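To keep things clear, I will list the structure first and then write my remarks on it.
The values are calculated or read from the model by the stated rules, or taken from the named source; none is laboratory data. Please read these numbers as outputs of a predicted model, since none were measured by experiment. When we count neighbours, we look across all protein chains shown, and the Cβ atoms used for this are built from the backbone with ideal geometry, even at glycine. Heavy atoms of the whole protein, side chains included, go into the accessibility calculation; ligands, DNA and RNA do not. Shrake-Rupley method; radii C 1.70, N 1.55, O 1.52, S 1.80 Å.
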Amino acid sequence: MEVRIIVETTLENGTTKRHHLGRLSRTFRPTQPEGFGLLLEDAKTILGQLQKAILLDQIEEISQASRICPDCDGVRAIHDYRSRVLDTLFGRFEVKVPRIRRCACNAKSDVVLGGPLSPLAHFFPDRSTPELRRLQAELGARHSFREAARILETFRPCAKQVNTSVRNRLGKVAREICDSELTEPLVPSAAEEAPALTVFLDGAHIRCRPEYQKRHLDVVVGKIESHDKCRRFGLVQQAVLSPASQLRQDLRALGWDRGKTVTVISDGEPALPNLVRGAVGGKVRHILDWWHISMRIQHIENAVKGLLQVRGFSGIPVLFKRPAEALRWYLWHGKVLTATTSLQWLMVDCARLGTDDRVATEAVRRVQARCRDLYSYLANNMDNLTDYGRRQRAGLPISSSRAEGCVDDIGNTRMGKRRRMRWSPKGAHRVAVVRAAVLDGRLTGAYQRAAA
Ligand SMILES: [Zn+2]
């Protein structure tokens, strides 16, 4: 079998062009399984040629159209031809692009503007197509840079990719994301009321490169949710001039406006809600994540259960069992003082429990340690506890588990400790920014808007 590939393009002025892209032969008799259908290498060659044919025709069309002066409809002269290298997803091409002289009809402004016009500069600001840039950034945010380069090269007839070019491209795209959000106008929310925003915050630890004199870097990751939208974010505080203003951009994108209250749900680390406080300039309602409390209660329940099972236990079981069980109920319903009192009584009862048995002493110590742990956790976060039961019945979030999903998605999958990579603050920040945008589908959206 012989396959001939012919492409026909029709320009806007009606000219039709035919391009012969080449031929494939699939001989019948000695056909091997790997000679069946279109192969990757053939497809890559054909795609490259197809891209070239379309690109050349398009450049011709654009150049012809831009020769017409918009003011007087006269034809402007071609000044010279310049060769340009254009990077696309389907190959790198060197093309001859005309530069066009300015028209004499508008001589005054020509003095100001000067120089010949370059009609293609608008289409390829970075000498590459937006699609290629987006894909490089996206793959670089999902895989190691070396792996991303390999994937691109395997499936696309694009120019040779190396890890550094993918990394640099990702850096540029990350900067574009940050800058576009700085200039993006505030979207006025349709609803009269401000949307209630909840920020779920958590941190991921990643390995730091040795020259920064630290073992680990903290990546702040999280998710901002309003009633109908959500947006992920990731940032490394050392890498940005003002982490607070960066976060403010993300809040703005979801309709936050100055003076509106934001709810933050995170674990007990004060640095995270403080970051949001800096971003919104005050008014932040911080709620301690229920899961972290629940886990500590569970530890106490288990320790008490262990104590009651010890053979040398000499106390009254119900004195230990009941407070341990009641703790969860009190805290769930926001009865913090009652909970701390019952916690204190539990500790007192443990101290009273005089026993010579080594195993029993060990079990008592464990209960006391767990109680102290919860007690200091509650004491440190007294202001951030709430009636979790009521919140949940009202359909409000009580746990930062959604942020923990982000920790995996943004931090650990790409930069986790298992991947054995070390990061500079800036590098980690860029990957976190692009990854959050990729996960939100913002990267494709931004480029689609730019292309429209
Ligand atoms: Zn003119």
Go through (1) in contact (Cβ under 8 Å) with a residue 12 or more places away in the chain; (2) assigned to a helix (DSSP H, G or I) and name the single condition residue 168 misses. (1)
Looking at (1) over 30 Å from residue 433 (Cβ atoms); (2) at pLDDT below 85; (3) part of a helix (DSSP H, G or I), find the lone condition where residue 252 falls short. (1)
Residue 414 - would you say it is assigned to a helix (DSSP H, G or I), open to solvent by less than 20 Å² (accessible area, probe 1.4 Å) and within 15 Å of residue 233 (Cα to Cα)? yes
Say whether the condition of being of a type in the set (Asp, Glu), crowded, with 21+ Cβ neighbours inside 10 Å and closer than 21 Å to residue 407 by Cα is met by at least one residue in the range 269-285. no
When you go through 258, 285 one by one, which is the residue that is among the basic types (Lys, Arg) and at pLDDT 85 or above? 285
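So which residues in the range 1-17 are open to solvent by 80 Å² or more (accessible area, probe 1.4 Å), at pLDDT below 90 and farther than 18 Å from residue 62 by Cα, if there are any at all?
Quick first cut of the range 1-17, residues open to solvent by 80 Å² or more (accessible area, probe 1.4 Å) only: 1-2, 4, 8, 10, 12-13.
Those still in the list that are at pLDDT below 90 too: 1-2, 12-13.
Passing the criteria: 1, 2.
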Give me the residue from the range 37-80 that is touching a Leu at 6+ places or on another chain (Cβ under 9 Å) and among the acidic types (Asp, Glu) and, out of that set, farthest from the ligand (Cβ to nearest atom). 42
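Could you please let me know if residue 323 is without any contact (Cβ under 8 Å) to a residue 40 or more places away in the chain, open to solvent by less than 60 Å² (accessible area, probe 1.4 Å) and of a type outside the set (A, V, I, L, M, F, W, C)?
On the way: without any contact (Cβ under 8 Å) to a residue 40 or more places away in the chain: yes; open to solvent by less than 60 Å² (accessible area, probe 1.4 Å): yes; of a type outside the set (A, V, I, L, M, F, W, C): yes.
So residue 323 fits the description; yes.
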Filter the range 81-96 down to the residues that are more than 22 Å from residue 135 (Cα to Cα) and exposed (fewer than 15 other Cβ atoms within 10 Å of the Cβ), then identify the one that is farthest from the ligand (Cβ to nearest atom). 83
State whether the residues of the range 18-30 include one that is modelled with pLDDT of 90 or more, over 30 Å from residue 153 (Cβ atoms) and either surrounded by fewer than 10 Cβ atoms within 10 Å (Cβ to Cβ) or more than 16 Å from the ligand (Cβ to nearest atom) (or both). yes
Of all residues in the range 214-233, how many are in contact with an Asp or Glu (Cβ under 7 Å, 6 or more places away or on another chain) and either free of Cβ contacts under 8 Å to residues at least 60 places away in the same chain or surrounded by fewer than 13 Cβ atoms within 10 Å (Cβ to Cβ) (or both)? 1
Taking the range 1-42 and keeping only residues that are touching a residue at least 12 places away in the same chain (Cβ under 8 Å) and part of a loop (DSSP other than H, G, I, E, B), one is left with 1, 11, 12, 13, 26, 27, 28, 38
